[in-house]
Amino acid sequence: MTDQEVQRRLTSNQAADVAEKHKDFSKVGPEGTLGQLLGQRLFVIMTRPVDEPAAAKIRDGAARPEHLAYIVALEKTGGIFAAGPLLGDDDRPSGTGMIVIRAQDREQAKSIAENDPMHQQGLRTFEIIPWKVNEGSVNVVINYSDQSFALK
């Protein structure tokens, strides 16, 4: 049996186990399947240039250093789950950005968005969308010997 066949069988068996465990998605509450999902509430900030002149200024670097410093500061304090530009089919930034944040409520999320230098300078507008994370995974490999790490 090849490595691919083993992986395919493992994946198939894992999928069957998950399907059996969660066969009744109609049950809601602590005892039902939906009650067992993660259910972490985050906020998605969708951010777009206000118009083409603003988009041109952004492409030329307007407010980018201040914006990145703000995002990195949020990251360092645990406020950012993920952030970055959305890409077009050509793998180039589309102009729309997505910032997923941890916030107590919509008002705090709005305050975080309003304080982004791109928004303060009127270059971008934003929309806040509450998001409930139920499934997914992050794998981190930490190598003690050389103090390196990898996300998979």
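None of the figures in this text is laboratory data; all of them are computed from the coordinates on show. Worth saying up front: this structure is predicted, and the values here are computed from it rather than measured. FYI the Cβ positions are ideal-geometry reconstructions off the backbone, even for glycines, and counts take in every protein chain you see.
Applying 1/(1 + (r/R0)^6) with R0 = 35 Å to the Cβ-Cβ distance of Ser137 and Ala62 gives a FRET efficiency near 0.40. Annotation for Leu87 and Met46: the two label points, set 7 Å from Cα along the Cα-Cβ direction, are 2.0 nm apart. Net charge in the neighbourhood of Arg59 (other residues with Cβ under 14 Å of its Cβ; Lys, Arg +1, Asp, Glu -1) is +2. Across region 83-152, Cα-Cα pairs more than 15 Å apart make up 70 percent of the total. The Thr125 and Ser145 beta-carbon pair, evaluated with R₀ = 35 Å, returns a calculated FRET efficiency of approximately 0.15.
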